[in-house]
1. Enter the accessible area of residue B:438 (Å², nearest 10), with the probe set to 1.4 Å and all protein chains included.
2. Projected onto the charge dipole of chain A (+1 at Lys/Arg Cβ, -1 at Asp/Glu Cβ, origin at the Cα centre), which of A:425, A:626, A:482 gives the Cα projection farthest towards the positive end?
3. List the lysines whose Cα lies under 18 Å from the Cα of residue B:122, skipping any in the same chain that are fewer than 8 positions away.
4. If you take the Cα Rg of segment B:361-436 and divide it by 2.2 N^0.38 Å, with N the number of residues, what do you get?
5. What base-10 log of the normalised intensity I(q)/I(0) is obtained for the protein assembly as shown from the Debye formula, alpha carbons as equal point scatterers, at q = 0.08 Å⁻¹?
6. How big a patch of accessible area, both sides summed and in Å² to the nearest 100, lies buried between A and B at a 1.4 Å probe?
7. What pairs from A:178/A:468; A:178/A:504; A:468/B:469; A:79/B:210; A:179/A:316 go past 28 Å between their alpha carbons?
8. What dipole magnitude, in Debye to the nearest 20, does segment B:306-500 give about its Cα centre under +1 on Lys/Arg Cβ and -1 on Asp/Glu Cβ?
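The values are calculated or read from the model by the stated rules, or taken from the named source; none is laboratory data. Treat the numbers as computed from the prediction; the structure is a model and nothing was measured. Please note: Cβ atoms are built from the backbone with ideal geometry, for glycine as well, and neighbour counts cover all protein chains shown. All accessible areas refer to the heavy atoms of the entire protein, side chains included, with ligands and DNA or RNA removed. Shrake-Rupley method; radii C 1.70, N 1.55, O 1.52, S 1.80 Å.
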Amino acid sequence: MNESLLINITLAVLFLPLIGFTFTVLSGGKIKKAFTFEVFISSITLILSVFLLYAKISAFVEKDILFSFSWINFGILPKWGELNIKLGIKLDNITVIMAFVVTLISFLVHIFSVEYMKGDKRYNRYFAYLGIFTFSMLGIVFTDNILGMYIFWELVGLSSYLLIGFWFEKKSASDAGKKAFIVNRIGDIGMFAGILILFFTYHTFNFNEIFEQMSAGKIPFNSDFWMTLTGILIFMGAIGKSAQFPLHVWLPDAMEGPTPVSALIHAATMVAAGVYLSVRIFVMLTADTMLVIAIIGAITSFIAATIALTQNDIKKVLAYSTVSQLGYMIMAVGVGAYAFAFFHLVTHAFFKACLFLGSGSVIHSMHHEQDIQNMGGLRKKMPLTYISFLVSTLAISGVPFTSGFLSKDGILAGTLAFGKLTGHWLIPIAAFTVALMTAFYMFRLVILTFHGEPRDVHKFEHAHESPKLMVIPLIVLSLLSLFIFYTPNPVSPDQGWFLSEWIKTPSQVVPENSRFDFLINSAGEQTNHGKIIHSVEYTETLHSVHYPALFLSLILGGLGILIAFVIYQWKKINPDAITAKIKPLYLFSLNKWYIDELYDKTFIAGTLLVSRLSAWFDTNLVDGIVNGSAYVIKSFSNIVGWFDKYIIDGFVNFTAFLSGFLGIGLRRLQTGKVQTYIILVIVSAIILFVFFRPF
Amino acid sequence: MVNIPYLSLITFLPVLGMILLLFIPKNKPEAVKILSLLVTVIQLIIAAFLTMNFDYSAGGVFEQSSFQFLEKFRWIQLTGISWLGNLKIDYFLGVDGISMPMVLLTAIVSLIATISSWTIAKHIKGYFAMLLLLNTGMMGVFVSLDMFLFYIFWELMLLPMYFLIGIWGGPRKEYAAIKFFIYTLFGSVFILIVMIGLYFSVQETIGNTKVFTFNILEMMNQSNYTADGILSPLNPYNLRFAAYIALFVGFAIKIPMFPFHTWLPDAHVEAPTPISVILAGVLLKMGTYGILRISFPIFPEITIQLSWYIALFGMINILYGAFCALAQKDFKKLIAYSSVSHMGYVLLGMASLSSAGITGAIFQMFNHGTITSMLFLIVGVIYDRAHTRGLDDFGGLASQMPVYTGFVTVAFFAAIGLPGMSGFISEALVFIGAFSNDTTRITAIISTLGILFGAGYMLWALQRIFFGKLNEKWSSLTDLTAREYIMLIPLSIIIIFLGIYPSAMLGMMNTSVNSLVNFITETSNIITAGL
């Protein structure tokens, strides 16, 4: 096993999907079965990335494997120094795990889509788009530098755009695609500005090189403020991509795309890229940046959870739960629970992909019915879908023995410790409230969809369990939602291989005076809980809040589930009665806090207004001056022309006229008679004599 | 080895073709087309040959010896005409890393435009004659190193362009043609005045005598300035600042820079497709090229002094162009305003006076040439079929013309600056450069908003034309023809290739740009120290 082999395999994993895309998109129109090539590529990619995971974890668990090449080399530039833009690959444990998650879910979604998309007129193109998505997403995963991150960041944006608007005949779908791309670009501008600051300061895009220089004390413009700002700007990319408040509005609309796409891109992988980015830049976050991140995450998870409570579209509930869970992960980065942020990313990817594919299975069998008010009782018709959906719901609700319990508990403990250490108690409060709400709305969804009596009997009659190709992915994903894949101890993830061996929180590199006190290294010190990376105080606090957090989350999760059963299963309380009592709140939640309406009235209307004003200004003023000056010159030349014609030429003509006139008068003298001439001569001679008197 | 005058060949081949063309009888339009095509193909072959033999390590810019494919001889010499003294004009051609990409671009765009002209039906002979003449003018501007010669080529383009718009244009062609003509001529007058001013301020040493000169490179050499020349830095009452502004306005009209841009939408809307392609693809680059070739190195101290304003106008172009594009209802006008926006990046990059920024600017000139050519071809495709360009007249074309839609997607995302396409690299370099200079940093930050609005108008247009239910009116539209493939495929390949492997072109500019940047700093220091 050597490093160059791993690099070659990584390159294969990265570029195979691109080959799949190119082939499928070019031949899709002619070869009917072109999609099989794409599915085949996707399976090879999966196998290779499993190997990559195994090889990295078994042979190089402590070592990062690096590979880079010079992409654009300017050599030495005046006023700048060396400018050599490199791209490259960085394989650490996070990378290979993430690559495995992406390729596995991508493969399962390919399989699922073979059935789900059957009969679509752009069948091959759909698979091609999946290929370019997988390529771009893997690019984000493997890159060792922030420019590469940005490049692939935009490319996933493109594939997301293409797939959301896949059924472009629907206006809502093409609107949603456009909205997703543009809203993401707002975040990307911030990220781009952050990258500019980093590159200007460090003259490199490479993460490791930036962090090295940073730990040596070099920070942008030598100021903590700029360091914080840079962190926040780059984090803006994550706000866009991971659908964080205030840019979360695109994700629920993105559900216009085919459901397997929602599972792959808008639940499991692409939207988690923001979390992945935050994890990558974790070491360069100052205390202020982290606080901003924690607050954004908390607000997002809270808002999204409150909205999810009242939605009736099965995919919308799941979409808001995704936003809420992403908020969790972002919050985890903000409170310093680095490892749990990534852990939750992985567990969430599996159970959320399972939930989305499960919802796809339901929608497929209900003939594109998405309203849970028209469902019910499907448990009997679709037992396998039901069981896998239930397992994933237990996981997202944080019930013991599931993966979600482990990762969520870690985040909750992290927020609690953060509250205790910094006094920002609102963050743990939000986090625990969300845990309660999540358990409630997810079970509301399960009960309304699968339990009770069917509410649309006609559709229920036609419902059936989905074909094998759709069910197998569900089973695989629900199995991965169990604890056993991550740790042998179902209540404490810390002892599992995932966290104790693979994922370790790195020490930060920002100057100590701009870090949270509890993140200042006291590396190497031993405590009762093993070797620690951060301060003793932090480790102690985390340990002390572990059990309180665990019990609190169990109680709240259980309570949420109980309330859901009381209302929807046992019908002890009529939900309509409650909503009637809190009508304004209910409407507020149902209408998604009116955030879309607010943006429509302000930003969108504002932009359109400015653009119309610009266009008006352009035609009437800027061009008006041009045409106006042309008019003025024309008028002036008309005046000059008149002057020329009547005054100047008039004078000329007058002279001519005068001579003519005189000529006519004098002509009479020329009679042609000799006598007249003699008289004229004599008279003239006399006049001359009189005047000149020569004698 | 015989020195083959490659640059003269590439410049005057079209005129030669034009003369031959006049002998072709009127009833053989195909022969006219094929001859024009042949000329542009040979031109592209020469350009490719030049590119391959181009020495990446030669700087050019201010140093005659490091220019490549040099041709220089005395063209006009009149001795002792009264107060003029010795009038001397050189036929002086050469390329460096700044002009080489433009020569290549001109050859590519001319070929594409010739293919695109195949459907011209009216006065075919006259049309192609004008097209070839225009071609010579464009090429000449990019290879001239004598300002008089530069000016002649500059003016030479006006005439064919005027007729090409005025005769083969759309409904308001007369208005558009005359507006284009007068506006550009207005700018040319400024260039002419500055050129004469420079002539009387710069003396080249030939043998032992000093003679006035139009040689651009000699104008950059500070030791050539006379003590009392009107544009000489040695003259305490010099008019260099005013001259810079005048020259800049002359070039800015061509870019076109706000507020001198309003001729562009009119000219584009009225011009036939191939002429739009040339106009956007090559002609707009002449303004920024002129600034880089003439304004920057001849007036370096004023360039530095005014760089903030140049960046400011770049920023205005980017944002204002984008906003105007957002409000358009005509497809072609939208693309025209997007040109205004994209040329703003060129200004911003140049204003940074940094290597990254100027490289980005030149690369952006090239990329805008290819991307916008593609966009105008795309407009042409739909206009040929539907005879309308209203963005709201269409809808759902993606299902009717899937291949066409594929090319449109490539071109639109290239214009948006999607990574993997050439436009991304040039915009990123412009931003890196502009951010690295204290003077232009703020404008760079604000200009990033252009990335957002660019996506806005492009995607909105894409949606209005191609998505949604197919408008039944258009259910008979056919997808691309072979001729359209021939134009769109090479452009797509160039755009994607340079997006993945930009070094292919960046390497060509690198040395020259560095020497330009150094030259500006050093010469400006010399001038300011001398004051």
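1. Roughly 110 Å² of residue B:438 is accessible to a 1.4 Å probe.
2. It is A:626, whose Cα lies furthest towards the positive end.
3. Leaving aside lysines fewer than 8 places away in the same chain, those within reach of residue B:122 are B:26, B:28, B:33, B:173.
4. Values: Rg = 14.9 Å, N = 76, 2.2 N^0.38 = 11.4 Å.
Normalised by 2.2 N^0.38 Å, the Cα Rg of segment B:361-436 equals 1.31.
5. Here log10 of I(q) over I(0) equals -0.93.
6. On the way: alone 30600 and 19000 Å², together 44920 Å².
About 4700 Å² of accessible surface is lost on pairing.
7. On the way: A:178/A:468 35 Å; A:178/A:504 39 Å; A:468/B:469 34 Å; A:79/B:210 36 Å; A:179/A:316 16 Å.
Result: A:178/A:468; A:178/A:504; A:468/B:469; A:79/B:210 exceed 28 Å.
8. Values: 10 positive and 9 negative charges, 40 e Å.
With only Lys, Arg, Asp and Glu charged at Cβ, the dipole is about 200 debye.
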